[in-house]
1. From V63, V67, V75, which residue is of a type in the set (V, I, T), surrounded by fewer than 22 Cβ atoms within 10 Å (Cβ to Cβ), within 15 Å of the chain's Cα centre (by Cα) and assigned by TED's automatic domain parsing to the domain that holds N99?
2. If I filter the stretch 157-177 for residues that are buried (at least 16 other Cβ atoms within 10 Å of the Cβ) and in contact with an Asp or Glu (Cβ under 8 Å, 6 or more places away or on another chain), do I get at least one hit?
3. Is there any pair with a first residue in the stretch 63-78 that is among the aliphatic types (A, V, I, L, M) and a second that is part of a strand (DSSP E or B) and surrounded by fewer than 18 Cβ atoms within 10 Å (Cβ to Cβ) whose Cβ atoms are under 7 Å apart and which are 6 or more apart or on different chains, and what are they?
4. Determine whether the stretch 188-206 contains at least one residue that is out of contact with any helix residue (DSSP H, G or I) (no Cβ under 9 Å at 6 or more places or on another chain), assigned by TED's automatic domain parsing to the domain that holds L156 and in a helix (DSSP H, G or I).
5. Suppose we filter the stretch 44-83 for residues that are closer than 13 Å to P4 by Cα and either in contact with a His (Cβ under 8 Å, 6 or more places away or on another chain) or not small (G, A, S) (or both); how many remain?
6. Where the second residue is part of a strand (DSSP E or B) and among the acidic types (D, E) and the first is over 24 Å from I199 (Cβ atoms) and lies in the stretch 131-153, which pairs have Cβ atoms under 6 Å and are six or more apart or on separate chains?
7. Name the single residue, out of those in the stretch 203-223 being under 10 Å from the mean Cα position of the chain (by Cα) and of a type in the set (D, E, K, R), that is nearest to T168 (Cα to Cα).
8. Go through the stretch 231-261 and report how many residues are more than 30 Å from I118 (Cβ to Cβ), touching a residue at least 60 places away in the same chain (Cβ under 8 Å) and part of a loop (DSSP other than H, G, I, E, B).
Amino acid sequence: MSEPLVFLPMERWGELKSVFKSDWPRGISAYTTLDTAEHIVNNGADYGFKAYVPFGDLTNGLVALNVKGTFYEVVVQCPKDDTTVLEDALMRTKLIDWNRSFHIPFTPKNVSDLMKRIITKKNLSSFTTITVTDTFYYNETPNFNVSLPSGFKFELLRMEDAQIADDTWPHKHPGSVWYFKLLIKAKLGYGLYKNNELIAWCYVKEMGALGHLYVVENHRRKGYGELVLKLISNTLAKEGKFVLAFCVVGNEGAKRLYQKLEFIQDEPVEWITVVRK
């Protein structure tokens, strides 16, 4: 039996992005994931992201492996409601190591339902956790009218800034500073500096979504978080990028901020983690 997941070289990612763009807004995460992975490679920060399509047909969806040390991520997206062919490919593939703990990020309902069936069929369900996030995006190009106060700069983060982002990250783990260094090397981290002191920052994460927005504690309640979101949204818009963000359900503060800035709220997605012992 031949391998059902067919490798898709980066030269053809544009074709696959077009397929997912036709499934808007459900396909936005797949589109921005491919777009950002391409951006990372083009900025000299290649980290081994590999894209595959079931049986070589782009309309069957995307399966991507994103392996970073012990972190094993399997991106699964499908541009149609019928996921039968994708499910068949996932059941038969030898490329995915189902014996490892793995993460399946930002799954819309069609893929979430599919992965739950896969997990049950492969008897992986004993240690499964699911996090639900709301999806926010801009359908039109944002253009916030903002200006920086005197003494402030908004610019790409410096490599030495990776440590403070890692130190303040609630999901920090041994070696996780590498992740922030990767994003900074790929020019996906932006900081707000006051008199050359970093006081707030935001990153464009690997899937193309805004994330890791943080304001240093003694600079909070001054509107800097909102300012950074506006500035980074304007920057991405000028680069022709889509502006996307995820917000964990229950994080009402972040949700209100996205709503205030007139992001469009779409259907929630699920982040599935399977821990193997």
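The values are calculated or read from the model by the stated rules, or taken from the named source; none is laboratory data. Note that the structure is a prediction, hence the values are computed from the model and not measured. Neighbour counts run over all protein chains shown; Cβ positions are idealised from the backbone, glycine included.
1. The match here is V67.
2. yes
3. From residues that are among the aliphatic types (A, V, I, L, M), the pairs are A64/K50; L65/K50.
4. There is no residue in the stretch 188-206 that is out of contact with any helix residue (DSSP H, G or I) (no Cβ under 9 Å at 6 or more places or on another chain), assigned by TED's automatic domain parsing to the domain that holds L156 and in a helix (DSSP H, G or I).
5. So the count comes out to 9.
6. As it stands, the answer is V132/E270; T135/D266, since those pairs meet every condition given.
7. Residue satisfying both the conditions and the ranking: K205.
8. Of the residues in that region, 3 qualify.
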